[in-house]
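Written below as structure tokens is the structure these notes are about.
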């Protein structure tokens with residue numbers, strides 16, 4: 001049984017690494033991609049919105065899907081969907097085809113995200129959660145390095161997506177080969193001691209609503225920095241392609257190193273203690289990026305944003321069962337992942353519109369505003385568990 005548990009942890013890590021690969025590569029590929037299709041700067045929003053439509057749909061339906069199939073089967077199908085979609089990106093003859101494929105990519109990614117996070121929130125210790133999300137950082141860090149090397153070698157962006165699509169298909173084969181290791185459909189294993197609450201009841205809880213808002217804002221920061229940092233430096237501030245790609249890797253690498261570091265922190269380090277200083281760091285480094293004090297300060301800001309952001313997502317996920325209880329955890333995680341998906345797409349899209357009409361310097365200003373809003377929401381969220389405990393008579 002212990003060996004089976006370790007195998008599930010490893011496979012969960014692989015799933016999260018695969019989730020990060022496409023997210024990390026898009027920002028580097030975008031200038032070349034939009035040049036090939038003759039697109040304006042803010043056209044990225046169309047792809048982000050289509051991806052989010054699929055992502056939010058599968059996130060909300062994750063609980064229902066897991067009541068019918070095992071998590072292993074869901075991961076297999078999801079990796080097949082994302083792998084096939086990434087290969088389709090490389091072969092798409094028209095921008096509209098690529099945007100349509102984004103819906104399928106979102107369906108696959110949303111199911112992976114919600115499924116593994118729900119499993120991890122109730123089965124993994126806090127340190128393991130940080131390391132799990134570090135695996136996502138492995139993917140987002142490797143993606144920019146790979147795409148930058150492809151472009152610097154004189155190859156088209158399509159080659160980068162072909163390789164990442166092949167990796168996704170290999171992971172799908174790995175999940176398919178280990179289906180028996182995963183728990184079966186939830187309906188066969190759920191405990192009657194903790195029935196799932198109706199979604200409407202979960203939505204009435206302040207902690208659930210504030211938690212969703214926190215995920216929206218956090219992913220807005222993370223995704224906007226990842227999608228637009230390369231363009232900001234290479235097109236807006238005149239930094240070379242290689243250096244701009246390095247800055248993106250510093251950002252995602254900071255996210256990765258930070259999560260690995262927090263993965264070795266004591267399990268006694270509570271999210272309520274960890275979140276405020278990390279969000280404050282996010283504000284500080286966003287302000288440094290917005291000040292534009294030169295390439296060196298931009299690189300420091302990129303790395304600092306990544307390190308500061310590192311523990312926020314896993315800490316918020318890990319705090320969910322305690323704040324809301326077992327009856328609301330599955331609903332709350334689904335809401336959080338859906339809100340995160342909305343932030344991940346809509347905020348970078350808005351930043352693109354601002355950049356297209358007002359200039360790329362609006363990108364760091366958007367990041368700073370979101371970080372400040374996250375600081376305020378987290379302050380309210382920290383008080384919500386006490387109010388909820390009183391309401392439940394705890």
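For the range 270-291, name all the residues that are farther than 18 Å from residue 373 by Cα and modelled with pLDDT of 85 or more.
Correct list: 291 only.
Would you be able to say whether some residue in the range 142-164 is surrounded by 22 or more Cβ atoms within 10 Å (Cβ to Cβ), without any contact (Cβ under 8 Å) to a residue 40 or more places away in the chain and in contact with a helix residue (DSSP H, G or I) (Cβ under 7 Å, 6 or more places away or on another chain)?
Yes, the range 142-164 contains at least one residue that is surrounded by 22 or more Cβ atoms within 10 Å (Cβ to Cβ), without any contact (Cβ under 8 Å) to a residue 40 or more places away in the chain and in contact with a helix residue (DSSP H, G or I) (Cβ under 7 Å, 6 or more places away or on another chain).
How about the range 101-125: which of its residues are in a helix (DSSP H, G or I) and out of contact with any helix residue (DSSP H, G or I) (no Cβ under 7 Å at 6 or more places or on another chain)?
Correct list: 123 only.
Look through 301, 355, 376 and report the one residue that is over 20 Å from residue 20 (Cβ atoms), without any contact (Cβ under 8 Å) to a residue 12 or more places away in the chain and assigned to a helix (DSSP H, G or I).
None of the others qualify; the one that does is 376.
Identify, by number, the condition in (1) under 18 Å from residue 382 (Cα atoms); (2) without any contact (Cβ under 8 Å) to a residue 24 or more places away in the chain; (3) touching a helix residue (DSSP H, G or I) at 6+ places or on another chain (Cβ under 7 Å) that residue 273 doesn't meet.
Every listed condition holds for residue 273 apart from (3).
Sort out which residues of the range 289-298 are part of a helix (DSSP H, G or I) and surrounded by fewer than 19 Cβ atoms within 10 Å (Cβ to Cβ), and write them in order of number.
Of everything in the range 289-298, those that are part of a helix (DSSP H, G or I) and surrounded by fewer than 19 Cβ atoms within 10 Å (Cβ to Cβ) turn out to be 290, 291, 295, 296, 297.
Restricting attention to the range 46-65, which residues are under 16 Å from residue 347 (Cβ atoms) and within 17 Å of the chain's Cα centre (by Cα)?
47, 48, 49, 50, 51, 52, 53, 55, 56
Residue under question is residue 323, and the condition is that it be touching a helix residue (DSSP H, G or I) at 6+ places or on another chain (Cβ under 7 Å) and either closer than 25 Å to residue 116 by Cα or surrounded by 17 or more Cβ atoms within 10 Å (Cβ to Cβ) (or both); does it hold?
Considered against the rule, which asks whether it is touching a helix residue (DSSP H, G or I) at 6+ places or on another chain (Cβ under 7 Å) and either closer than 25 Å to residue 116 by Cα or surrounded by 17 or more Cβ atoms within 10 Å (Cβ to Cβ) (or both), residue 323 comes out as yes.
The values are calculated or read from the model by the stated rules, or taken from the named source; none is laboratory data. Because the structure is a prediction, the values reported are computed rather than measured. Glycine gets a Cβ as well: all are built from the backbone with ideal geometry, and neighbour counts include every protein chain shown.
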